[in-house]
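Below is one structure; the comments refer to it alone.
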Amino acid sequence: MSQHTSPHLLNVERLTMRFGGLVAVNDVSFAARDREITAVIGPNGAGKTTLFNCITGFYSPTVGRLTLRHPNTGKEFLLERMPGYRISQAASVARTFQNIRLFSGMSVLENLIVAQHNKLMRASGFSIAGLLGLPGFRRAEREALDLARYWLDRVGLTERADWQAGALPYGDQRRLEIARAMCTEPVLLCLDEPAAGLNPRESGDLASLLTFIRDEHKIGLLLIEHDMSVVMTISDHVVVLDYGRKIADGAPLAVRNDPAVIRAYLGEDEDEDLPAEVAADIEASKAGETAP
Amino acid sequence: MTATNTFDRPKLDWPSALRESGFAALAALMLTIPMVGFRTVDRPTGLELDMRFEEVAAAALLVFFGRLGFALIRQGQPAAVLVLALGAAVLGFVVPLPTKVLQIILVGGGLVIALRAAWQIWRGSRPVPAADAGPSFMDRFAAEVQRAGKWLGPVGVLFAVAFPFLPIADRQTIDIGILLLTYVMLGWGLNIVVGLAGLLDLGYVAFYAVGAYSYALLAVNFGWSFWACLPLAGLLAAFSGVLLGFPVLRLRGDYFAIVTLGFGEIIRVILINWYQFTGGPNGVIGIPRPSFFGLAEFTRNPAEGDIAFHQMFGLEFDTLHRIVFLYYLILILALVVNFFTLRVRKLPLGRAWEALREDDIACTSLGVNRTNIKLAAFAIAAMFGGFAGSFFATRQGFVSPESFTFIESAIILAIVVLGGMGSQIGVVVATILVIGLPEFFRELEQYRMLAFGLGMVAIMLWRPRGLLAHREPTILLHPSGGAAKAAVKGG
Amino acid sequence: MEYFLQQLINGLTLGAIYGLIAIGYTMVYGIIGMINFAHGEIYMIGAFISIIAFLVIGWAGITWVPLVLALVLLLSMVFTAAYGWTVERIAYRPLRSSPRLAPLISAIGMSIFLQNYVQILQGARVKPIQPVVQGGVKLMERADGFVVQISYLQIVIILLTIALMFGFNQIIQGTSLGRSQRACEQDKTMAGLLGVNVDRTISLTFVMGAALAAVAGFMVTLYYGVIDFYIGFLAGVKAFTAAVLGGIGSLPGAMLGGILIGLIEAFWSAYFTIEYKDVATFTILVLVLIFRPTGLLGRPEIEKV
């Protein structure tokens, strides 16, 4: 962490998560900075999703500290001590899920309005002003609608705003989930494999959406991803996990050439067993190319 | 399933059809031999058995031929099945049979199979098989009803308001109206918890009981008026909802259902056993009737210094006045619940309920405090249950634990489920079916619960979200556009 | 002390009965993750079939008590199992991939239906039966004449339960059916891909649960001598509590939970007010669910995100 000069947004210190005898995350420390995309990569079962669940409050870690610092106010939150819903409500951390979790029976627009629940709840005077239809609430609702409209436009779902969310094609559902997370107006957006199941064109769109969020909304992003083309193109900083431990941490280029990382992905002295396409992938990424 | 429309390829697979029907008949025999074939009857000499094997045979034959009929319909022979089934029904109607039950089985069974065959012919004669043609008939129907609610609702309310002045209104029909409206109110109340928030509450009657006993005890012991007690009873019911909800709302859906069931039973056991406070199994009697908003009483000869309703309006005294007043009271209470629900669906609270029903983990990730939101649903529904309970107490004039059994909870749940979870009109339709029909067919009383149970299973199999379940978005970006079409698309 | 011992014996007997019903809940929950709400009614039907079987066998002129008991038990298990199978086939199987409330509501509907089905066919009045097994062993006598005794019937119930538990464990651990069941518990889709007939396995689970419930119904008919169409509701909730207390999904847990509930009920009735014994059970249910939802012997469940 000492190599970073700008203050951290999220600081993970000595995080350990045990399930019975299984150590899913073992003494992991790293920092994610504001206005940067931090990618967490690693083979399957490396503990990436567990790490995410600790950060977003679904698990409480066995050991360790998770500090979130709001860049504008300098306010600090200890995430490991907060109940799940407060992490979004107070600490402004939003997330998406590996298996998309939309409110599939509700419309696309409603999904985005529910994301603004806390703001609207206050404006509706915990429903009393809302029931009476007071102007304060109506204004808040209009603003919420504007924000939703903005993000619908960003992810290209304006046309389908009144569709049932569950009826959207897969790629749209992924983007809607990101839009929904953004509607909570987070300072840190955590994405759990956002490119999973997308075709190359959609992955490309996703990459530009994420860089747009970083550059225009000036927030930090934390990303779990398997799609190396996405990771290598857009990440500012890559953390590599293997068997619950951190084995590398640094700029994408440095990480890619790290012998420990190559070993974790390819196994030791087993290069000849590697399927041809994986080997080609590695070669391609070494050559600094990106997939179309 | 590819054989659905093969009229032109009548190749029958008799062995498989017979095997299937034979197996079903065997199962029917296993089920009916002990329970239908032998009936335990009390005789002075002790318990003895009556034997009715003709009914067992009839049931097994019906299952055999019914199953065979379905199998043949599936194999593309609906016309033949239709003729045979109709023939059987007519035969059953004309030929004298040894018992009435047999006749009913033959006629009823024949008609059901004939209907199924006719449906197949009708559907099969259309160019597109309905199975893959987008939303099913019932989905479209439910959507139509939901949209028709815009005018159907006000028309229904107008009818309800005008009802006591219509020529069909007499003491009996208004009484039935009151009963129906009470269940409509309870159904709408429970709909908040089950339909919107997706929490299966099997102990709703507990809050109904809390409301009823609150009013009964306050009125009998302290002489408080109905109008003072009504809000208080609602508050007490809401409070008991919070008290129960706080520890158990964290539980998963099915555990939650069992715990609420247990809570309902606990309340009933306490009501039965706490003699000093609740009067035990005898309940509370002599509960005062409501006054006309505290201004006038519905009595012929009011006490000194009071004024009676008929004097106030210069009418002839009529005991019907009180009943009509009660009718309007419950109508208003029910409409309050309805208005609240329609309104809250468009508020963050209501949307959070529906979001919780859809995915509670996603809700947490968006900063929605699950416990508080569920607690709100629980408390509000409990409050409405409490209002209904107070009304029940003042209408009956007495309350006893017998009115608050699990069956009562099950009936209210059946109303919500049959009508379509989350559908306000569905609740009304289901109430008329579930409460209204048995009122008119008193002699079928003992089959009522049987039909309930069967109805709940059948509706779940046919339409797991309920008969008229259909959800319109609470907010539209393109109000005029093809929103309706898109909303139906997902089913 | 003597009084305590007597209550212990009574509680164990009651607990054995609850435990047998609880196994049905726990097995079904383990394999398809739903509460089989109609299981209490299956037990009630088992009791009714037992009483009818007693009458039929008496009518046929068989009087040797062990043979009578064995025949009744067999008939009750077979015919009740048919009910278990049918309930699953009609009310649950078509709903396996529905919204999660649907099978539960279907189960409640089934429960209401079965209750009224029996009420209409067999009448609403309680059904008494002549005692079949009488007498007992006097264990000790207090100075004031209070006798601690274990009746032959109680011995039969406890021994039969132990034998069934043993046989049952063999089935689960040792046979291919047991292996299929355990495989379906872990992952139905995968088990299906590997050639396990998932539908059949689930059906057989219901059949086994119903057969055990029939044994419990048989025992309760003998033990109390009276039954009615309503006994399934309370016994069902109590047995469910037992399953939760022991750790839902765990077979030894269900038996342990059953025995604990039986003991609690016996001692509560003996030392506190009998009217509130059901409240005690429900309170335990709520407390266990809140403070230890995994029960005594259950494995912790991690919320999958």
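Show me the ranking of peptides C:245-254, C:210-219 by mean Cβ neighbours inside 10 Å, starting with the highest. Intermediate results must be reported in sequence, preceding the final value.
Values: C:245-254: 25.3, C:210-219: 29.2.
Top of the packing list down: C:210-219, C:245-254.
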In degrees, nearest 10, the alpha-carbon axis of helix B:78-94 is tilted away from the dominant principal axis of the alpha carbons of chain B by 70
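So for chain B, if I pair up every lysine 8 or more residues apart or on another chain, how many of those pairs have alpha-carbons under 28 Å apart? Before the final figure, lay out the partial values.
On the way: B:LYS150/B:LYS346; B:LYS150/B:LYS485; B:LYS150/B:LYS489; B:LYS346/B:LYS374; B:LYS346/B:LYS485; B:LYS346/B:LYS489.
For chain B, qualifying lysine pairs total 6.
In debye to the nearest 20, how big a dipole does the protein assembly as shown give about its Cα centre with +1 on each Lys and Arg Cβ and -1 on each Asp and Glu Cβ?
Values: 85 positive and 83 negative charges, 254 e Å.
Approximately 1220 debye in magnitude.
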Compute the relative contact order of chain B as a whole-number percentage, counting only Cα pairs closer than 8 Å that sit 6 or more residues apart in sequence. 20
Counting only residues 5 or more apart in sequence or on a different chain, those whose built amide H sits under 5 Å from that of A:LEU241 are A:ILE41, A:GLY42, A:ILE247
Taking B:VAL155, B:VAL81 and counting other beta carbon atoms within 10 angstrom, the fewest-first order is B:VAL155, B:VAL81
Quick one: what are the phi-derived ³J(HN,Hα) couplings along segment B:328-334, Karplus 6.51/-1.76/1.60 with θ = phi - 60°, whole Hz, x for glycine and proline? 5, 4, 5, 4, 5, 4, 5
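Per DSSP helix of 4 or more residues, -39500 (n - 2.57); summed, then divided by the residues of chain C. What does that give at 222 nm, rounded to the nearest 500?
On the way: 11 runs with 217 residues, N = 305.
Rounded to the nearest 500, it is -24500 deg cm²/dmol.
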Under the Kirkwood approximation applied to all pairs of distinct alpha-carbon atoms, what is the hydrodynamic radius of segment A:101-185 in Å? 13.0
Could you work out, residue by residue across B:350-360, how many beta carbons of other chains sit within 10 Å of that residue's beta carbon, and then give the average as an integer? 5
Helix A:170-182: inclination vs chain A longest Cα principal axis, degrees, rounded to 10, gives 70
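In which sequence would B:HIS470, B:HIS321, A:HIS226 go, from the one with the fewest C-beta neighbours within 10 Å to the one with the most?
Values: B:HIS470 26, B:HIS321 18, A:HIS226 14.
By the 10 Å Cβ count, ascending: A:HIS226, B:HIS321, B:HIS470.
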For B:THR394, what is the net charge nearby, where nearby means another residue's Cβ is under 15 Å from its Cβ and Lys, Arg count +1, Asp, Glu -1? +1
Can you show me the helix-derived [θ] at 222 nm for chain B, built from DSSP H runs with n ≥ 4 at -39,500 (n - 2.57) apiece and divided by the number of residues, rounded to the nearest 500. -21500 deg cm²/dmol
How big is the shadow of the Cα convex hull of chain A, averaged over all directions, in nm²? 16.9
Is it possible to state the helix-based mean residue ellipticity at 222 nm for chain A, with each DSSP H run of 4+ residues giving -39500 (n - 2.57), the sum divided by total residues, to the nearest 500 deg cm²/dmol? What is it? -11500 deg cm²/dmol
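How would you rank C:148-157, B:421-430, highest first, on the average number of other Cβ atoms within 10 Å across their residues? Can you show the working numbers first?
Working: C:148-157: 18.0, B:421-430: 25.3.
Result, highest mean Cβ count within 10 Å first: B:421-430, C:148-157.
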With the radius of gyration and the Kirkwood radius both derived from the Cα set of chain C, what is their ratio Rg to Rh? 0.98
So which DSSP H runs in chain C come out at 20 Å plus along the axis (Cα) with average Kyte-Doolittle of at least -0.5? C:2-32, C:39-60, C:65-87, C:101-122, C:152-174, C:198-224, C:231-246, C:251-271, C:277-291
Angle, helix B:14-32 long axis vs. longest principal axis of chain B, Cα atoms, 0 to 90°, nearest 10? 40
Pairs from A:LYS246/C:LYS188; A:LYS48/C:LYS188; A:LYS75/A:LYS119 whose Cα-Cα separation, in the structure shown, is over 28 Å: A:LYS246/C:LYS188
Counting only C-alpha contacts under 8 Å and six or more residues apart, can you give the relative contact order of chain C as a whole percent? 37
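If you take the alpha carbon radius of gyration of segment B:185-289 and divide it by 2.2 N^0.38 Å, what ratio comes out, to two decimals? Show your work: numbers first, answer last.
Values: Rg = 14.7 Å, N = 105, 2.2 N^0.38 = 12.9 Å.
This ratio for segment B:185-289 stands at 1.14.
Take peptide A:58-65, look around each residue's Cβ out to 10 angstrom, count Cβ atoms belonging to other protein chains, and average those counts.
Working: counts 7, 3, 0, 0, 0, 0, 0, 0.
That average works out to 1.
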Can you work out ³J(HN,Hα) from phi for every residue in segment B:53-59, in order, using Karplus 6.51 cos²θ - 1.76 cosθ + 1.60 and θ = phi - 60°, giving whole Hz and x for Gly and Pro? 6, 5, 6, 4, 4, 4, 4
Please average, across the residues of C:114-126, the number of beta carbons from any other chain that are within 10 Å of each residue's own beta carbon, and give a whole number. 4
If each K or R counts +1 and each D or E counts -1, the residues other than B:GLY187 whose Cβ falls under 14 Å of its Cβ total -2
Largest first and to the nearest Å, give the Cα extent of the protein assembly as shown along each principal axis. 97, 85, 84
Share antiparallel - DSSP beta bridges, the protein assembly as shown, percent rounded to 5: 70
Using only the Cα atoms, what convex hull volume per residue in Å³ does segment B:2-124 have? 102
hull vol. (C-alpha, convex hull) per residue for segment B:149-473, Å³ -> 148
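Read-outs: derived from the displayed coordinates by stated rules, not from any lab. Every value quoted in this text rests on a predicted model; they were computed, and no experiment measured them. Backbone-built Cβ (ideal geometry, glycine too); neighbour counts: all protein chains shown.
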